[in-house]
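The values are calculated or read from the model by the stated rules, or taken from the named source; none is laboratory data. Just so it is clear, the structure is predicted and the values come from calculations on it, not from any experiment. We place every Cβ from the backbone using ideal geometry, glycine too, and count neighbours over all the protein chains shown. Calculation scope for accessible area: heavy atoms of the full protein, side chains included, ligands and nucleic acids excluded. Shrake-Rupley method; radii C 1.70, N 1.55, O 1.52, S 1.80 Å.
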Amino acid sequence: MSDVTYIDAIHAALSDAMEQDPRVFLYGQDIGKFGGAFKATKGLQEKYPERVLDAPISEDAMAGVAIGAAIEGARPVLEMQFADFSSVAFNQIVNQAATHYFRTGVPVPLTVRLPSGGTPGSGPFHSQSMEAIYAHYPGLVVVTPATVADAYSMLIDSIEMEDPVIYCEHKFLYRWLKSNDFKGDGLPIGKARVTRAGKHATVVTYSAMVHEAVRAAEMLQAEGGWEIEVVDLRSVKPMDTDTIIASVARTGRLLAVGEAFPWGGVTAEVVSRVCSDGFHLLDAPPVRLNARDTPIPYHPKLWAAHRPTPESIAESLRKLLNY
């Protein structure tokens, strides 16, 4: 197997999950013959004609149907065309799916796929990162795979979970990120990964920003021999605080990076946990770097300047290292 892309991994996970478990079905807008907006389900309706179902253009109704099916014992995988549009189904997800087990003792094994993050020219309605919003609510699991192997294994694990899972797949990685196969290290949901070892500073990040952080680390390695550790959260709810603290204990410095808007969110949670549980380990104040606090621009150059880049991550690290 060669040149397996991130979206290939998602497609394979959906196919394998349906082959292994007849309770699994896919539901979403134009996911049947058309294969979905990004072709993640292309060809699956031919293999499973009764379990790949086109939905009406109503995210609220889609989520309600999927939640009801999950309560009755099915394992629906709901595709939102874009993460941004899941806000239309917000009530169903956070007030029904997230709370149902707590209220009734009946689980809701639902997986909601959110094509997340920005791409050039997508603009403010097709580029948002919604993971922190859903992570705020107890009862939901929120995963953010950054590798081809995780895109596959974490989707399989999400579908098998008894809890509702928000699976945030990054659109920019769909066809850009490639690997030789789907094989990974088998880490469970809730366990972070040290993607790059280092000793001078820690970058904690997730999703597409993992790759930008690694590029920044490579720049600083070549520039001054700095060894930057990069931690990939993999899931933001639950968050692996132990791995974060262990990394900060090795480096003494923390930069939390995310593509989402700066107010609150995942990077704020990372900094808060380190300050609460590992303040004595810090040699410098922890730093956050997020997208700008504006709606996401259409123009590719403006979009590129809106989100963190290897250059802006490296600049934040330089200031942190020289503190």
Open item on the list: Considering only the range 204-211, I want to know if a residue exists there that is within 18 Å of ALA9 (Cα to Cα), in a strand (DSSP E or B) and in contact (Cβ under 8 Å) with a residue 60 or more places away in the chain.
Closed with: no
Open item on the list: For the range 56-65, which positions are of a type in the set (A, V, I, L, M, F, W, C) and either surrounded by 23 or more Cβ atoms within 10 Å (Cβ to Cβ) or in contact with a Phe, Trp or Tyr (Cβ under 8 Å, 6 or more places away or on another chain) (or both)?
Closed with: MET62, ALA63, VAL65
- [ ] Please state which of the following conditions ASP181 fails to meet, knowing it meets all the rest: (1) crowded, with 18+ Cβ neighbours inside 10 Å; (2) out of contact with any Leu (no Cβ under 8 Å at 6 or more places or on another chain).
- [x] (1)
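Between GLY117, GLY121, which is within 30 Å of LYS301 (Cβ to Cβ), crowded, with 23+ Cβ neighbours inside 10 Å and not β-branched (Val, Ile, Thr)?
Details: GLY121 fails: crowded, with 23+ Cβ neighbours inside 10 Å.
Exactly one of GLY117, GLY121 is within 30 Å of LYS301 (Cβ to Cβ), crowded, with 23+ Cβ neighbours inside 10 Å and not β-branched (Val, Ile, Thr), namely GLY117.
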Task: Whichever residue in the range 12-31 is buried (at least 20 other Cβ atoms within 10 Å of the Cβ) and of a type in the set (Gly, Ala, Ser) and, among such residues, is nearest to GLN81 (Cα to Cα) - done: GLY28
Task: Selection count where residues are open to solvent by less than 40 Å² (accessible area, probe 1.4 Å) and over 21 Å from GLY184 (Cβ atoms), scope the range 38-55 - done: 6
Task: Odd one out for GLU212, checked against (1) in contact with a Phe, Trp or Tyr (Cβ under 8 Å, 6 or more places away or on another chain); (2) modelled with pLDDT of 95 or more - done: (1)
Open item on the list: Can you report the number of residues in the range 133-157 which are among the aliphatic types (A, V, I, L, M), outside any loop (DSSP other than H, G, I, E, B) and touching a strand residue (DSSP E or B) at 6+ places or on another chain (Cβ under 7 Å)?
Closed with: 9
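Is it true that ASP163 is in contact with a strand residue (DSSP E or B) (Cβ under 7 Å, 6 or more places away or on another chain), open to solvent by 50 Å² or more (accessible area, probe 1.4 Å) and in contact (Cβ under 8 Å) with a residue 60 or more places away in the chain? Step through it out loud before you land on a result.
Values: in contact with a strand residue (DSSP E or B) (Cβ under 7 Å, 6 or more places away or on another chain): yes; open to solvent by 50 Å² or more (accessible area, probe 1.4 Å): yes; in contact (Cβ under 8 Å) with a residue 60 or more places away in the chain: yes.
So ASP163 fits the description; yes.
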Open item on the list: As an exercise: evaluate GLY186 against (1) outside any helix (DSSP H, G or I); (2) surrounded by 15 or more Cβ atoms within 10 Å (Cβ to Cβ) and give the number of the one condition it does not meet.
Closed with: (2)
Open item on the list: Just to verify a result, which residue in the range 189-200, among those that are touching a residue at least 40 places away in the same chain (Cβ under 8 Å) and assigned to a loop (DSSP other than H, G, I, E, B), is most open to solvent (accessible area, probe 1.4 Å)?
Closed with: LYS199
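Can you find a residue in the range 83-100 that is at positive phi and open to solvent by 10 Å² or more (accessible area, probe 1.4 Å)?
Of all residues in the range 83-100, those at positive phi come to none.
So far as the range 83-100 goes, no, none of its residues is at positive phi and open to solvent by 10 Å² or more (accessible area, probe 1.4 Å).
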Open item on the list: I'm told GLY68 meets every condition in (1) farther than 21 Å from PRO138 by Cα; (2) open to solvent by less than 40 Å² (accessible area, probe 1.4 Å); (3) over 24 Å from the mean Cα position of the chain (by Cα); (4) not acidic (Asp, Glu) except one. Can you identify the failing condition by its number?
Closed with: (1)
Task: Wholly within the range 1-116, helices (runs of 4 or more DSSP H) carrying at least 2 residues that are closer than 29 Å to THR147 by Cβ, out of contact with any strand residue (DSSP E or B) (no Cβ under 6 Å at 6 or more places or on another chain) and hydroxyl-bearing (Ser, Thr, Tyr) - done: 6-20
Task: Subset of the range 237-260 (residues that are open to solvent by less than 10 Å² (accessible area, probe 1.4 Å) and closer than 26 Å to ALA98 by Cα) - done: GLY258
